[in-house]
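Below is one structure; the comments refer to it alone.
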Amino acid sequence: MKKALTLILIAALLVACLCGCNPSASSDAPQTEKKPSNRLDIGERRSNVKLTDENGQEYYLMGDFENYYEATQVKYSAGFGKVDMISKAEQPDKVTNGEGSIHVTVAGNESTWHKRRPNIRFSTTNAFFNATTDFSKLDRFTLDVYNCQDYEVELRFVLSTQVYNNVTFEDRILTDPNYEYSTAESYYLAPNTWTTVEVPADVMRYVSWDTEGKAYLVTGAEALSAVGAFVFTFDRGELHENPQEFYFDNARAYLKSE
């Protein structure tokens, strides 16, 4: 009997020792700091980022290229080419806002994407910004572009909506400037310098159809009520002797002042 009691006491002491020595059992024990996920390591998600500039005007920041993850959330299509991150510390004259920008080499050739123009798309629904799709109160869209060529370059703006059927018109819109319902607006970039491209809301439009299947242009607040992306397109590669090069920074969608 005495031996059994001794064994019970030893077991109880072992349990007590284990509980006392376990840090998680003590409310005063220090907690291990949770390591951030890889996603946060390379850039915080900027969901619904509405900011105010130095003049008090509100805008959505659609692309500022401050880190690798942010740069990859901007979409490039039609055999676009090469995209590199640039830091202000490395090239201070190639960044207009924050600490980073991107350097792009535009390819796009005859064999890619059925002759569609290479383009960069500032999407409203990507995983990083997810700002909004209703831009009916938009004032203008702006983008800083550095043209690395020794000659003037044409840049075209196209509004992309969330209505899938509109995409079927893109081939003609982006390749045929004389098309009756062309929605592209042209902007010209001076050589070897930064240009802030400003696209006013009143020139943004897209193609739709009536009940009889006839195409027509949608403009104004109606056109901006369901935006899928703000798109800039470039010449195809075969139109130039060498690949075109640009830097991009500070894409903003400004809202009208109340």
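Exactly one residue among 165, 130, 178, 126 is polar (S, T, N, Q), at pLDDT below 80, outside any strand (DSSP E or B) and farther than 21 Å from residue 227 by Cα, and that residue is 178. Of the set (1) in contact (Cβ under 8 Å) with a residue 24 or more places away in the chain; (2) surrounded by 12 or more Cβ atoms within 10 Å (Cβ to Cβ); (3) on the phi > 0 side of the Ramachandran plot, all apply to residue 220 but (1).
When 158, 153 are checked against the criterion of being at pLDDT 90 or above and not hydroxyl-bearing (Ser, Thr, Tyr), 153 stands alone in meeting it.
I'd like the residue in segment 223-258 that is acidic (Asp, Glu) and modelled with pLDDT under 85 and, out of all such residues, is surrounded by the most Cβ atoms within 10 Å (Cβ to Cβ). Per the criteria, the residue is 235. The set of residues in segment 181-201 being in a loop (DSSP other than H, G, I, E, B) and under 23 Å from the mean Cα position of the chain (by Cα) consists of 183, 184. The residues of segment 202-258 that are part of a strand (DSSP E or B), in contact with a helix residue (DSSP H, G or I) (Cβ under 7 Å, 6 or more places away or on another chain) and closer than 28 Å to residue 107 by Cβ, listed by number, are 206, 207, 233, 247.
The values are calculated or read from the model by the stated rules, or taken from the named source; none is laboratory data. From a predicted model like this one, the values you see are computed outputs, not experimental measurements. Glycine gets a Cβ as well: all are built from the backbone with ideal geometry, and neighbour counts include every protein chain shown.
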